[in-house]
Each structure stands twice: as structure tokens, then as C-alpha cells.
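What follows is calculated from the coordinates using simple rules that are stated; it is not laboratory data. Values in this document were obtained by computation on a predicted structure and should not be read as measured data. FYI the Cβ positions are ideal-geometry reconstructions off the backbone, even for glycines, and counts take in every protein chain you see.
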């Protein structure tokens, strides 16, 4: 599941599609575009433009403008487990495809045309495409984002203190609760808890304010680093999340557990 940094990189890609007139839309995939019927998204957006790309946590959506300049419907784009957003440059320009961040990626050798589940064609010849081999992404009009908690990269100190201290849940489970704080996934949670030497199973309401403040500082730092480097897989502890690894900081064995129904890796000595 893409986490906040991957979705932020995708949002930056979508920004390359802003203010380009929409000439056509292929929304034939009824599963990816549920609950809409084929042609419904096309009818709502063709002739208009995407005017802004937003993100909260793992949710991404675009504001639109109709052909007459009035406010159009919101378009939500969810990457699912492994979806990629690709925006191609105007026809005839040297630059090609963009996806997975700011790097040009082009079409990969094993990509199949049928894995493009949704596409938006602009009048300049370029496209925005949701490429989704596993068909677990989602494109829909007027997505509901109100249930999401504050964005993990923007949550204030007071909001974060309240979010942590108000719960008796294990700390990792609290961090993964998208209604409490949006954007933290399994890998990012393990990275942040390892960097702060906090046990993932420790009860959230037992942390001191100093510990909560440090947790927030590290979380924000890890998010910025992952966005810059291309994803949460670039975290320091991620390569050591396996049974044959030792903690790169103290040398103790890495341990596997389950917290809140999620597989969790932690240092057996410093986080035990």
C-alpha cells in the first residue's frame, strides 16, 4: 500500500497535468472507476481542466474547472497497492513520461497496455494515466476525505499530543489509525518507532509529552526524507526487516511481531 511519501510523489506528477484542456477520457474499467458507469466520469470532465492537485495522508484528489470556467466536480485518484500515475508531455516535446516522483520513467518493458485502467487525454496530445497491474486503485468523482485525520506531515504539536495521549491502543496501531492521523503505513511506522527506540506495543497514553514531541519530530523528518528519496522503502531500518538481520544501531537481533493485526519489525533490545 502506498504511504504518504509515495502519494505525495504521485501528486507532484499530477501537477504536470494541471491547466491542460481535457479532450477525452477512457473510464471503461467499471471496477477501478466504481461506482461510476463507463462514460460517467468522461461526461463530467471532458472540455474542462484539472486546476489543483491535493493530498491528505494517502488520499489524493484534483479540483476541476468546466469548459465555461465554473467549478467542476472533484476527481479522486487512489493508487491502490501498486498503481502508478503517469503524465506524458505534450505531443512533439522531448520529455516523455513522468511517474513515481519527479524522475522520468518511460514505459517499462513488462508493462502491458491493458494495465492502464484510466486515462485522460489532453488537447495537446499528452495524457494522464493510472497504470495499475493489480487493479486495486480507484478513480471516482467527489471522494469522501472528511473521515481522515490530520495529515501526518502537517499535524500540529498540540494535535499530535492529543492524538497519542487520548488512546490506550498500542503505539503502532495508533499511528496506523487513518482516522486519528492520515498517511502513516506499516513501513513508515516501523521506521519512526525504530528511530525513536519506542516499543510498537507500548500503550500510547503512557508516553510523556517529551516522548510525544520527539516522535512527531522524527515522523516529520522521516516523511521529508522519504519524499526526497522516492518512497518509504528508503528508510534506514527497512532493509533489516527480516529474520536474518540485526539492528544496525546496536547489533541486537531484529524481532518480528504482530501489533494491531499488522506485521511489525523492531529491535529486540532497544524496543523490546
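As a proxy for reagent exposure, 61, 115 were ordered by neighbouring Cβ count within 10 angstrom, fewest first; the result is 115, 61. Mean residue ellipticity at 222 nm, helices only, the chain: -7000 deg cm²/dmol; runs of at least 4 DSSP H residues each add -39,500 (n - 2.57), and the sum is divided by the number of residues. Relative to the longest principal axis of the Cα atoms of the chain, helix 209-229 runs at roughly 40 degrees. Where is the GNM fluctuation largest for the chain (alpha-carbon springs, 10 angstrom cutoff): 251, 137, 80? Fluctuation is largest for 251. Relative to the longest principal axis of the Cα atoms of the chain, the long axis of helix 186-195 lies at roughly 40 degrees. Taking Cα centroids, how far is region 153-209 from region 242-272 in Å? Measuring centre to centre over Cα atoms gives 17 Å. If you run the Gaussian network model on the chain, springs between alpha carbon atoms under 10 Å, then out of 195, 178, 209 the most flexible one is 209. For the chain, the longest principal axis of the C-alpha atoms and the axis of helix 4-14 are separated by about 20°. Reported value for region 131-233: 123 Å³ per residue, from the convex hull of its C-alpha atoms. By the count of other C-beta atoms within 10 Å, a proxy for reagent exposure, 42, 112 are ordered fewest to most as 112, 42. In terms of surrounding Cβ atoms within a 10 Å radius of their Cβ, 29, 210 rank from fewest to most as 210, 29. Does the chain come out rounded, prolate or oblate by the C-alpha gyration tensor, with a ≥ b ≥ c the root eigenvalues, rounded set by a/c under 1.5 and, if not, prolate when a/b is larger than b/c and oblate if not? Prolate shape, in that a/c is at least 1.5 and a/b is the bigger ratio. In region 4-141, the inverse of the mean reciprocal separation of distinct Cα atoms equals 14.7 Å; this is its Kirkwood hydrodynamic radius.
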